[in-house]
Amino acid sequence: MNSYTSEPWFLDFEDGSITDKDGFGIAHVTPHGNINTSIRCGEPFNSADGILITASPDLLNACKKALTLELLCPNNDEIFNEIRNAIKKATERKIND
């Protein structure tokens, strides 16, 4: 499994940058406009994307914890398959990367 930068992650709503707790850069939300936009260097960026990105470590940890409930929740294969697929998508490197 690839390791990711330790959380928490933060979105700067002024410039679209996403940083870790020590201020090191993780990503920038790319400029494009939609209903959830902020301004970066005079260009709109999608703050909803930034919010989702900063929540991703928490979401991954929650999914991993949710899988521990699988034996206690029979007849929920579809939900647990979705959780497994989300974890796989978040943790496995694709060949095209």
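Report yes if residue 45 is at pLDDT below 90 and open to solvent by less than 50 Å² (accessible area, probe 1.4 Å), otherwise no. It is true that residue 45 is at pLDDT below 90 and open to solvent by less than 50 Å² (accessible area, probe 1.4 Å). Condition check for residue 15 on (1) open to solvent by 40 Å² or more (accessible area, probe 1.4 Å); (2) out of contact with any Cys (no Cβ under 8 Å at 6 or more places or on another chain); (3) modelled with pLDDT of 80 or more: one failure, at (2).
Here's the yes/no breakdown for (1) assigned to a strand (DSSP E or B); (2) modelled with pLDDT of 90 or more; (3) open to solvent by 60 Å² or more (accessible area, probe 1.4 Å):
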{"position": "4", "(1), (2), (3)": "no, no, yes"}
{"position": "23", "(1), (2), (3)": "no, yes, no"}
{"position": "38", "(1), (2), (3)": "yes, no, no"}
{"position": "64", "(1), (2), (3)": "no, yes, yes"}
{"position": "71", "(1), (2), (3)": "no, no, yes"}
{"position": "87", "(1), (2), (3)": "no, yes, no"}
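Checked against (1) surrounded by 13 or more Cβ atoms within 10 Å (Cβ to Cβ); (2) modelled with pLDDT under 90; (3) out of contact with any strand residue (DSSP E or B) (no Cβ under 6 Å at 6 or more places or on another chain), residue 50 passes all but a single condition, namely (3).
Could you list all residues from the range 73-83 that are assigned to a loop (DSSP other than H, G, I, E, B) and either in contact with a strand residue (DSSP E or B) (Cβ under 9 Å, 6 or more places away or on another chain) or surrounded by fewer than 10 Cβ atoms within 10 Å (Cβ to Cβ) (or both)? Don't jump to the end; show me each part of the working.
The first filter runs over the range 73-83 and keeps only residues assigned to a loop (DSSP other than H, G, I, E, B), leaving 73-76.
Those that are assigned to a loop (DSSP other than H, G, I, E, B) and either in contact with a strand residue (DSSP E or B) (Cβ under 9 Å, 6 or more places away or on another chain) or surrounded by fewer than 10 Cβ atoms within 10 Å (Cβ to Cβ) (or both): 74, 75.
The values are calculated or read from the model by the stated rules, or taken from the named source; none is laboratory data. Not measured: the values here are computed from a predicted model. A quick note on method: Cβ atoms are made from the backbone with ideal geometry, for glycine too, and the neighbour counts reach across all protein chains shown. Quick note on the areas: whole protein, heavy atoms, side chains included, nothing else; ligands and nucleic acids left out. Shrake-Rupley method; radii C 1.70, N 1.55, O 1.52, S 1.80 Å.
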